[in-house]
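The values are calculated or read from the model by the stated rules, or taken from the named source; none is laboratory data. Predicted, not measured: the structure shown is a model, and the values here were computed from it. No Cβ is skipped: glycine too gets one built from the backbone with ideal geometry, and neighbour counts run over all protein chains shown. Accessible surface areas use protein heavy atoms only, side chains included; no ligands, DNA or RNA. Shrake-Rupley method; radii C 1.70, N 1.55, O 1.52, S 1.80 Å.
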Amino acid sequence: MNINSNKIPVLTYMLSIVFVSILAFFGFILIAKLIKDGLIQLAILVGSIVIFAAMVYLQKKFTPYRWLFIGMVFVLLFTIYPIFSTIMISFSNMSGGHLITKEQAVNRLESKYFQPAGSMEYEWTGYLKGKDNYLFILKDSDKKYFVAEPGKNLEEIKLNSSSFPNEIQGFDKMLKKDVISLIDKFSKFEFVSF
C-alpha cells in the first residue's frame, strides 16, 4: 500500500461526506436562526466553522487538521469570538438599558407607578440616626415643611432656612448615594397623614 497516495479510501470519503453534510445541515439551520435573532457575528463564525470542516474532511491536503479541528473550533468559540464580540459591543449602545424602546419603558413605568389626581407632591430628604432609625423632611409646593417618621403622623415644623438642614432632632442628613441605595427600603414605609 502506498502511504503517500493522494487518494482517500472510498468508504472513508463517503463517511466524511455524510459527516460534513450533517454538520452543514445543522450549521445552516443554526446560522439562519442566529441571523434572525440579529447575531450576525456568531452566524459568520458558525459559517466559517462549517466551511473549515468541509475543507478538512473532504480534501486530502487538510487531513492533518482533522486532529486539530475540535480544538480549533473551541478556540474560535470560546476565545476569538468573545474578544471580537466584546470589541463590537463596546462601540455600540447595546446594554441592559437598551432592551426595550422608550415608548415601551414609559408604558411599563406608567402601569407600575401612578399618582392620584389632586394629590400633593413633596420634595424630600432622608435623615439617619444610628443604623435603622430614619426620619424624612418633606417640603410641599407651599414651602411648608413636615417631619415624617415611619408609622407616625406627619408633623408640620418650622425651619430657619429655605433648604433642608444637615441635622435635625439628632438625625444626620443622608447623602444622595445613601438614599438611592435604600430607596427600595423606603418605598415600604408608610406615613400617616393629618
Hey, what's region 113-194 come to in accessible area per residue, 1.4 Å probe, Å²? 74
Carbon plus sulfur fraction of accessible area for the chain, probe 1.4 Å, in percent: 63
Just tell me which lysines come within less than 29 Å, Cα to Cα, of Lys60; anything on the same chain fewer than 8 places away is out. Lys7
List the chymotrypsin sites (Phe, Trp or Tyr not before Pro) within region 102-169 that fall in a DSSP loop (any state other than H, G, I, E or B) and whose Cβ has at most 15 other Cβ atoms within 10 Å. Tyr113, Phe114
With axes computed from alpha carbons, what is the tilt in degrees of helix 40-58 against the longest principal axis of the chain, rounded to the nearest 10 within 0 to 90? 20
Mean 1/r over distinct Cα pairs of region 3-71, inverted to a Kirkwood Rh in Å, yields 13.0
Among [x] 16.3, 52; [y] 33.1, 105; [z] 27.6, 95, which one is Rg and Dmax of the Cα atoms in Å computed from these coordinates? [y]
